[in-house]
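Data first, discussion second: the structure below is written as structure tokens.
The values are calculated or read from the model by the stated rules, or taken from the named source; none is laboratory data. What you are looking at is a predicted structure, and each value in this text was computed from that prediction instead of being measured. Cβ placement follows ideal geometry from the backbone for every residue including glycine, while neighbour counts extend to all protein chains displayed. Heavy atoms of the whole protein, side chains included, go into the accessibility calculation; ligands, DNA and RNA do not. Shrake-Rupley method; radii C 1.70, N 1.55, O 1.52, S 1.80 Å.
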Amino acid sequence: LDEAIQHLELSAKIDSISPGTCLNLASAYYQRKNYQKAIRNGMRAVKYNPEDPKAYSVLGNAYYRVNDFDMAIENLKITIEKKFISDDTYNFLGGAYFGKQDFLNAIQAFKKAIEMDPKNIGAYSNLGGAYGMIQDYDTAISTFKKILALDSASAQTYYYIGLTYRNKGDADSAQLFFDTFSRLQDRGK
């Protein structure tokens, strides 16, 4: 990846307005977790080719990573309008809405992510968390339990279910899930 970035940077010096080079640099920097450079190059890719939805996708994801949720939402909506959609697009969009505490829009986005990939454990977890934030504890619990149907050894999910039961006021059920969480944690050590 570092070698690719070196070659892409050299290419950008030769042809600074190549949208493909800008997009590839944005993607490489995103993978390298250098989100500011991903944003800078993503903006250049959009400037030189505003019709390419991939640039908006990289921008949306990078803005999400730096907690600029408004810009993440803006760019991810453009990505969706341009029909460059994946379950991750909706999961990041939901995360941006969640970050803005707009839980109803977050729920809708997470549901779309799950429609696209019914095995997306991250989207189920995010959806359960959003339901918990609006105090719809029963729906949160049933959502988290869908994760256990996909991965019964997900310690984190047992913790989230226990936490949700505790928030609901059911200490006994909460303790059962916290105990399972602890057992799975001990096995992982």
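A few points about this structure:
- Test: residue in region 94-116 that is over 30 Å from Asp52 (Cβ atoms), part of a helix (DSSP H, G or I), of a type in the set (Ser, Thr, Tyr) and free of Cβ contacts under 8 Å to residues at least 60 places away in the same chain: no
- Taken over region 163-176, the criterion of being more than 12 Å from Lys145 (Cβ to Cβ), within 26 Å of the chain's Cα centre (by Cα) and crowded, with 18+ Cβ neighbours inside 10 Å is satisfied by Leu163 alone.
- Scanning region 52-85 for residues that are part of a loop (DSSP other than H, G, I, E, B) and within 19 Å of Gln101 (Cβ to Cβ) returns Val66, Asn67, Asp68.
- Count - residues of region 116-139 that are over 20 Å from Arg166 (Cα atoms) and under 15 Å from the mean Cα position of the chain (by Cα): 7
- Subset of region 23-60 (residues that are of a type outside the set (Ser, Thr, Tyr), within 19 Å of Gln6 (Cα to Cα) and open to solvent by less than 30 Å² (accessible area, probe 1.4 Å)): Leu23, Leu25, Ala26, Ala28, Ala38, Ile39, Asn41, Gly42, Ala45
For (1) of a type in the set (S, T, N, Q); (2) in contact with a Phe, Trp or Tyr (Cβ under 9 Å, 6 or more places away or on another chain); (3) without any contact (Cβ under 8 Å) to a residue 60 or more places away in the chain; (4) in a helix (DSSP H, G or I), each residue gets a yes or a no:
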position: Ala140; (1), (2), (3), (4): no, yes, yes, yes
position: Leu148; (1), (2), (3), (4): no, yes, yes, yes
position: Ala153; (1), (2), (3), (4): no, no, yes, no
position: Tyr158; (1), (2), (3), (4): no, yes, yes, yes
position: Gly162; (1), (2), (3), (4): no, yes, yes, yes
position: Leu176; (1), (2), (3), (4): no, yes, yes, yes
position: Thr180; (1), (2), (3), (4): yes, yes, yes, yes
